[in-house]
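Worksheet: the structure to be examined is printed underneath.
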Amino acid sequence: MPPLSRRRFLSLAAATGAVAAAPASLLAQAPSHDFTFLHVTDTHLQPELHAAAGCAMAFKKARTLHADFAIQGGDHIFDGLAVPAARSTELYSLYAETEQQLGLKTYHAIGNHDVVGLNPKSGMSPQDAGFGKSYFQDHVGPLYQSFDHKGVHFIVLDSIGIAPDRSYYGFIDDAQIAWLKADLAKQSPATPIIVTTHMPLVTAFPQYMEMQAPLAVRNTLSVSNAYQIYPLFEGKNVIGVLQGHTHINERVEWKGVQYLTSGAVCGNWWEGARMGFAEGFTVCTVRNGRLTTHYETYGFKADHQGAEHGAKPSA
């Protein structure tokens, strides 16, 4: 299957329900209006385990909810890390075709499994076309971005750090932190702000089960340098941080900010429920400048209930 151009990917993904974006200057001056959007994360698209059919089920249900747009929270495919380039291209093409079922304008956060060829088992070299995050940038969207909608400012982060040994970990790099500071500085203290990150900035996940090993300073469960991000939210009206990666539903509040982790579209990697959370996605409603959420399941039935992935942090 030939590689997707970014234009073709976006045209497949947007479909007929795309929201027309108003000029950012007008939105910044407008009060917040009530609306609904979707946080769909961890689809882990693959030909196996009925994943494409399951994801299509989720997207078809999602489009009936009349949301304004969707944010895909990362891990679009499974698995870009350790497979040859041709396989990654096929997976991304499969995802783009499946996302047509959403019929919504969709913004995309990069997940760890969206990074192409990082594991040497892939047979790829860092000099190869599409290696690392470049395929995502060229064919899906920017690694991080911000946009405005009905008086709310949205920020989508890249939470995937890449180490010299070709491993990944949760990290926001210096260039992105500088960009985030500048972006937040443009927002008034009253402007509602919603942030999306694949790896959690805040999570209590290690407390829910026995971990196989203590978390490393550079860990694959959460953003290792989140302590550099929290201070940037001070004095700003951050009404929610949407997170993925762990495949569970979780709500943690820290210094007045709610950190909302969503269960996965794929559940337990298309093998049943994950720690009691069935396959699903999160419906987000902004009303009177406040964010509320609820989790929607869609009735997928796995062929078998696979063993839990346990505390494996490389979700």
Phi to ³J(HN,Hα) by Karplus 6.51 cos²θ - 1.76 cosθ + 1.60 over the stretch 182-199, Hz, x for Gly, Pro: 5, 5, 5, 5, 7, 8, 5, x, 8, 5, x, 10, 10, 10, 10, 9, 5, 6
Gain upon complete extension [Glu210, Ala129; 0.36 nm per residue less C-alpha separation]: 25.2 nm
Antiparallel bridges, percent of DSSP beta bridges restricted to the chain (to nearest 5): 55
Projected label distance in nm at Thr36 and His66, using a 7 Å step from Cα toward the beta-carbon: 0.8
Order of Asp34, Asp148 under a 10 Å beta carbon neighbour criterion, fewest first: Asp34, Asp148
Burial order of peptide ranges 106-115, 57-66 (average beta-carbon count within 10 Å, highest first): 106-115, 57-66
Projected label distance in nm at Tyr227 and Ala175, using a 7 Å step from Cα toward the beta-carbon: 2.6
³J(HN,Hα) computed for each position of the stretch 130-143 - Karplus, 6.51 cos²θ - 1.76 cosθ + 1.60, integer Hz, glycine/proline x: x, 5, x, 9, 5, 5, 4, 4, 6, 10, 10, x, x, 5
The stretch 161-311: C-alpha gyration tensor shape, a/c 1.5 cut-off, then a/b vs b/c: oblate
Cα pair distances of the chain binned at 20 Å [whole percent]: 35, 61, 5
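Calculate the FRET efficiency for Asp183 and Thr285 from the Cβ-Cβ distance with a Förster distance of 25 Å, rounded to the nearest 0.05.
Numbers: r = 24 Å, r/R0 = 0.96.
Computed FRET efficiency for Asp183 and Thr285: 0.55.
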Nitroxide proxy distance, nm - points 7 Å out along Cα→Cβ at Ala86 and Lys301: 3.7
Value at 222 nm in deg cm²/dmol, rounded to 500, when DSSP H runs of n ≥ 4 in the chain each add -39,500 (n - 2.57): -6000 deg cm²/dmol
Alpha-carbon centroid distance for the pair the stretch 93-146 / the stretch 165-220, whole angstrom: 19
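If you average the sequence gap of Cα pairs under 8 Å that are 6 or more apart and divide by the length of the stretch 25-297, what percent do you get for the contact order?
Relative contact order here is 21 percent.
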Most fluctuating residue given options Gly73, Gly170, Gly272, as computed from a GNM of the chain linking Cα atoms under 10 Å: Gly272
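No lab work stands behind these numbers, since they all come straight from the coordinates. Predicted, not measured: the structure shown is a model, and the values here were computed from it. Glycine also receives a Cβ, built like all others from the backbone with ideal geometry; neighbour counts cover every protein chain displayed.
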